[in-house]
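This report refers to the structure that appears directly beneath it.
The values are calculated or read from the model by the stated rules, or taken from the named source; none is laboratory data. Everything quoted here is computed from the prediction, not taken from an experiment. When we count neighbours, we look across all protein chains shown, and the Cβ atoms used for this are built from the backbone with ideal geometry, even at glycine. Surface areas here come from the heavy atoms of the whole protein model, side chains and all, with no ligands, DNA or RNA. Shrake-Rupley method; radii C 1.70, N 1.55, O 1.52, S 1.80 Å.
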Amino acid sequence: MNMNDCIAAPATAAVPSAIGILRLTGEDADAVASRVFTCQTGSLLTAPHRYLVSGHLHDDKGVVFDQAMACVMRAPHSYTGQTVVEIYCHGSPSIVQHTLTSLFAAGARPATAGEFTRRAVLNGKLDLLQAEAVGDLIDARTPVAAQNALGQLEGAVSKQIRQVWQLVTGVLTQVAAQVDYPEDDIPEITTSTILADLDAAIALLTRLCDSYERGKLLREGPSVALIGPPNAGKSSLFNALLGYDRAIVTPIAGTTRDSLEESLLVEGTRIRLQDTAGLHDATDEIEAEGIRRTQAILARCQLALVVLDGSQPVDTAHPLLQLPCPTLVVLTKADLPCLPPVPLPHPIVQVSSHTGQGLPALLAAMAVAVGVKPLEDTLVTNARHAHGMQTAREALLEAKQALQTGVAADIALSVLDISLDTLAELTGQTVNEAVLTQIFAKFCVGK
């Protein structure tokens, strides 16, 4: 794949809209675009940098098919580092496709998934951490996830990795000088200074690694399972929280035989809400399988909502009140005559799925239980990043131990090299084609 080819792709979805956008990039992107877009005055080849110009789109036979506008962003001052042209036409899928076909006839080739951002990495406009944040920003399902991805895109994590790189490089240089030139007049290593630099680098990586679990939940959403006996009102509560009828609700016990999952936005954070089969002695194989799946969900959820019928006496010795995971007890049917709640080992919320009573209090309690809070710092959300940071951190800890215990300095040099190699792979300084292909295959075409 030639990274200097002119590539083209739509940047907007193939649905009717007010405006459709197509993007080109490459060494001759403006020349290719000028064969399809004719300016009202002048030419795209001489159009001012980052200025919108108006004109017409025409096919390879010269037939005009739309009024449009275009903008040229000249290398190296563009997203990809190459000349980029964006064409803004009317948002008919037919017109967008006609424009794309005409661009291909004019010399462009179809862009592959993520190829625009891949070129930005290869041309030094973004590092690999920032590039992956582009994908996260596009995929963000909540405002908080988008805020975190934007922080990564703007370099919040990259800056900390660069700080680690500088600290480790300084340590390696000092140790290497003593190992390679022991007889030269080089100032003795100040062990305390070197260890202080290593500690600073380790602390930065530790903070980033420690943020991954919360970042993973931010990206994927914590799992909240509705658990309880049949006919306690789990499915009714599931529908009430979502605001529409997603689960079937009947008076017949055992109606829910499989789990249902939907996303719920709670204080800006996505929560994966799961309705499950009632836990009781199964009467057939299908019901038994539903209960088995409920138990599997319970084993991995971040929060269990134990749903009990509030109009009936609560058994304080109920097995569901002894769960090992964080638990909220939800007493349903608060619109009916209810017994006073008895003391339980978990927070209690009384709700009515019919009237909505207690639902805001339940959402607030859920937010506290799963740790929803304002985003104070950018979190690591990517498993590749977390693994690389942990590998680099372990290498630095090994180097520190070697220097502290007086082991041969060449061992410290070896593990310091491992740490730097890992950081280089993390940011894309060391380009691994297989890793790049895997990362950008997840991107949409046109980004």
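So how much accessible area does Arg118 have, in Å² to the nearest 10, using a 1.4 Å probe?
30 Å²
Note the count of lysine pairs whose C-alpha atoms are less than 22 angstrom apart in the chain, limited to pairs 8 or more residues apart or on different chains.
Working: Lys125/Lys159; Lys125/Lys442; Lys125/Lys447; Lys159/Lys216; Lys216/Lys373; Lys216/Lys442; Lys234/Lys333.
Going through the chain pair by pair, I get 7.
For the full complex of protein chains and a 1.4 angstrom probe, list Asp136, Asp60, Asp417 by accessible area with the highest value first.
Asp60, Asp417, Asp136
So how far apart, in nm, are the two label points at Ser92 and Arg50 if each is 7 Å from Cα heading toward Cβ?
3.4 nm
If each DSSP helix of 4+ residues adds -39,500 (n - 2.57) and the sum is divided by the residues in the chain, what number results at 222 nm, nearest 500 deg cm²/dmol? List each step's numbers first, then the result.
Details: 14 runs with 189 residues, N = 447.
That calculation yields -13500 deg cm²/dmol at 222 nm.
Taking a ≥ b ≥ c as the square roots of the eigenvalues of the Cα gyration tensor of the chain, is the shape rounded (a/c under 1.5), prolate (a/b larger than b/c) or oblate?
Oblate, because a/c is 1.5 or more while a/b does not exceed b/c.
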